[in-house]
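First up is the structure itself, then whatever we jot down about it.
The values are calculated or read from the model by the stated rules, or taken from the named source; none is laboratory data. Owing to the predicted nature of the structure, the values given are computational and were not obtained by experimental measurement. We place every Cβ from the backbone using ideal geometry, glycine too, and count neighbours over all the protein chains shown.
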Amino acid sequence: MVARGSSRNCHLRGLGRDGLAGTVRRHQIGTTRYRGEVMRAFGNDLTLLYESRRQSAAENDPSRYLFEESGRLLLTDKQDRDTEIGTFGALIIDVRGAVTEHESVHAVFDSDSRTIGYFEALYDSEGGDFKETVARAACGDDYLWNPNLLVLDRLVIYPDFRGHGVGLTALRALIHRLRAGCGLIAMKPFPLQFEDAHGARPESDEQQRLGLAAFKSTEARATSKLKKYYSRLGFIPIPRTAYMVRSSELPLAFSGATEN
């Protein structure tokens, strides 16, 4: 995602870089000790620019319980000039609403290829709540029924801006904005350099632009480093799955003053 080595050049899970249009919204991150060295190095402000998305109004469409947020990461200088330094994407799954309206929770997750794996790994067979082991791992004995899920789907930092604390700062802001109403926050750490069929296909234009060929770690090693990296925001791995979760009730502090 960010910082040195393959452990930082990643995304959370495959949101395509399709065209974005519509009304934009900015969410500026205030000056805190969590902003990292990049803020001092560039003297700029990090901003998340959200892009509006379409939503189906069809009553027979289970995807109406799935809400997507995506956009761009910008550094804004003192003259209010923006430099794009990356992209992000997240999804909110309204499981509570689906249960209330007697919609199949499995059908909701199955309506998007990016979310079905979360259902299989995190939810019980009825689909109306998290597995007991998942809820206990994330919340201990304090979990109260709230099956809504925030999925941190993708975060890409462009090469010139890696290694300065941008990644965790952006994730922290993303969680702060989107966690309301969700019981858990989840991700599937996966190094971006392995997205193209484990290197089976020629390097794509996007891979070249993102400088992915420079990362030489194995997938297992890179993924392990990612998990350690995300644990600084309170995410914990769910055993025998590829996923990490955290409670939405946890404070959004880093376990460490700066990003290494």
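Can you tell me which residue in segment 230-242 is farthest from GLU120 (Cα to Cα), limited to those that are of a type in the set (Ser, Thr, Tyr) and surrounded by fewer than 20 Cβ atoms within 10 Å (Cβ to Cβ)?
Just the residues of segment 230-242 that are of a type in the set (Ser, Thr, Tyr), to begin with: 230-231, 241.
Retained after the next criterion (residues that are surrounded by fewer than 20 Cβ atoms within 10 Å (Cβ to Cβ)): 231, 241.
Values: SER231: 22, THR241: 10 Å.
Going through the qualifying residues, I end up with SER231.
Scanning segment 122-144 for residues that are assigned to a loop (DSSP other than H, G, I, E, B), touching a strand residue (DSSP E or B) at 6+ places or on another chain (Cβ under 9 Å) and not hydroxyl-bearing (Ser, Thr, Tyr) gives ASP124, ASP129, LYS131. Hey, does segment 99-119 have a residue that's in a strand (DSSP E or B), over 22 Å from ALA170 (Cβ atoms) and either within 21 Å of the chain's Cα centre (by Cα) or modelled with pLDDT of 95 or more (or both)? No.
Please tell me if LEU178 is surrounded by fewer than 23 Cβ atoms within 10 Å (Cβ to Cβ), under 12 Å from the mean Cα position of the chain (by Cα) and over 23 Å from LYS228 (Cβ atoms).
Details: surrounded by fewer than 23 Cβ atoms within 10 Å (Cβ to Cβ): yes; under 12 Å from the mean Cα position of the chain (by Cα): yes; over 23 Å from LYS228 (Cβ atoms): yes.
Yes: the conditions hold for LEU178.
In this structure, is GLU59 in a loop (DSSP other than H, G, I, E, B) and either in contact with a Ser or Thr (Cβ under 8 Å, 6 or more places away or on another chain) or touching a residue at least 24 places away in the same chain (Cβ under 8 Å) (or both)? For GLU59, the condition - in a loop (DSSP other than H, G, I, E, B) and either in contact with a Ser or Thr (Cβ under 8 Å, 6 or more places away or on another chain) or touching a residue at least 24 places away in the same chain (Cβ under 8 Å) (or both) - is not met.
The helices (runs of 4 or more DSSP H) found wholly in segment 149-246 and carrying at least 2 residues that are at pLDDT 95 or above and closer than 26 Å to ILE116 by Cα occupy 166-178.
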